[in-house]
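Everything on this sheet refers to the single structure shown next.
Please treat every number below as a calculation from the coordinates, not as lab data. Here the structure is a predicted model, which is why all the values come from computation and not from measurement. Methodologically, a virtual Cβ is constructed for each residue, glycine included, from the backbone with ideal geometry; neighbour enumeration extends over all protein chains shown.
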Amino acid sequence: MPKMTSGPASHVYFSQRLRLHYVDWGNEGAPPMLLVHGGRDHCRNWDWVAEAFRDEYHIIAPDLRGHGDSQWSMGGSYTMPEYVYDIAHLVDQKNMAPVTILSHSLGGMISLQYAGLYPDNVKSVVAIEGLGASPLMLAKSAGKSINERLSDWADELRKVSGRTPRRYPTLEDAFSRMQDENPHLSEAQARHLTVHGANQNEDGTFSWKFDNYVRIFRPYGLSPEEIRHLWSRITCPTLLVRGTESWASDPEEDGRLSSFQNASVAAIEGAGHWAHHDRLDVFLDLVREHLAK
């Protein structure tokens, strides 16, 4: 695991009147690289990857709206077009195009849709399990009517509205929860992710930084066909990474790879959903090989 040196500088930008946070690892003038985290995560989860590439790239890692040190969305609305808009705005504001993007999970979904919407702005993209629900998972919910989907969504909103963020008596308790969430993490990794992913409350307890409303899946948005259309517009080299011990299905086997013009799949043995944490060295080797294309 790369040794941590000096950390990044924190900055803010504004998108749709939200105050959004990002970290900048310096190296102005080098080729730009954007690191986009997954759901209920934060920008500092990329620190080990950033350390490996900071001498070659000018790296920026944002906190998505409702995550990390970014502002929560008023009303609790978190849709994919809003996430994509935030990233597009950051790339434009920082003059990063054409940009290399490394992304994970929700961040992968956002990055792939951004790359399909603005193909000329992306030089290369790596997405760790960023294709969303598999065709099999989508088929299970396809039979629901719009009124059923809207009703389920309303029920979930009501549940979340009455739910307060979980409070851990100590940071050590939050650290233990982090380890339980991903047994692949080393103690140092879990502690680092906890320190940067939790806030201390006024009563001395600790809570995760993300907004609970980011958990809710909206009953509206792009259809699977529309998403595949965006994937088909991506022209840059694309690497789709998955962990063999994850819940995510193989995009080559389930047919989703066929939607891409220039994509390949890499499976990392012994890794779960957080492949860039679970097998960091293997992930870095795959990324370097991909970026050399």
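Some points to look at:
- Net charge, E225 excluded, C-beta distance under 14 Å - Lys, Arg +1, Asp, Glu -1: +2
- Unit charges at the beta carbon, dipole of the chain: most positive-side option, I234, L284, S73: S73
- Database remark: amide H of V122 closer than 5 angstrom to the amide H of V99 (H placed geometrically; neighbours at sequence offset of 5 or more, or on other chains; Pro and chain starts carry no H).
- Antiparallel DSSP beta bridges within the chain, percent to nearest 5: 40
- Across the options G197, P251, A271, the greatest Cα extent toward the positive end of the charge dipole of region 191-283 (unit charges at beta carbon of Lys, Arg, Asp, Glu) belongs to G197.
- Per-residue ellipticity at 222 nm computed for the chain from its helices equals -10500 deg cm²/dmol, with DSSP H segments shorter than 4 residues left out and the rest contributing -39,500 (n - 2.57).
- Rounded to the nearest whole Hz, the Karplus-based 3J(HN,Hα) values (6.51 cos²θ - 1.76 cosθ + 1.60, θ = phi - 60°) of region 238-248 follow the sequence 10, 10, 9, 9, 9, x, 5, 9, 9, 6, 5, with x at glycine and proline.
- Using the Karplus relation 6.51 cos²θ - 1.76 cosθ + 1.60 with θ = phi - 60°, the per-residue 3J(HN,Hα) values for region 95-104 come to 6, 8, 6, x, 10, 8, 10, 10, 8, 9 Hz, with x marking Gly and Pro.
- Residue-wise HN-Hα couplings along region 25-42, as the Karplus relation 6.51 cos²θ - 1.76 cosθ + 1.60 with θ = phi - 60° gives them from phi, are 8, x, 6, 3, x, 7, x, x, 9, 10, 10, 10, 7, x, x, 6, 10, 7 Hz; Gly and Pro carry x.
- The H on the amide N of A271, modeled in the peptide plane, is under 5 Å from the matching H of T244, E245, each at least 5 residues off or on a different chain.
- Highest-first packing order for the peptide set 240-250, 135-145 is 240-250, 135-145, based on the mean count of other beta carbon atoms within 10 Å.
- Amide H contacts of W72 (H built 1.01 Å from N, in plane; Pro and chain starts excluded): G66 sit under 5 Å, all sequence-distant by 5 or more or on other chains.
- Of the peptides 101-108, 39-46, the ranking by mean beta-carbon count within 10 Å, highest at the top, reads 101-108, 39-46.
- Spatial separation of Cα centroids for region 39-78 and region 244-265, in angstrom: 25
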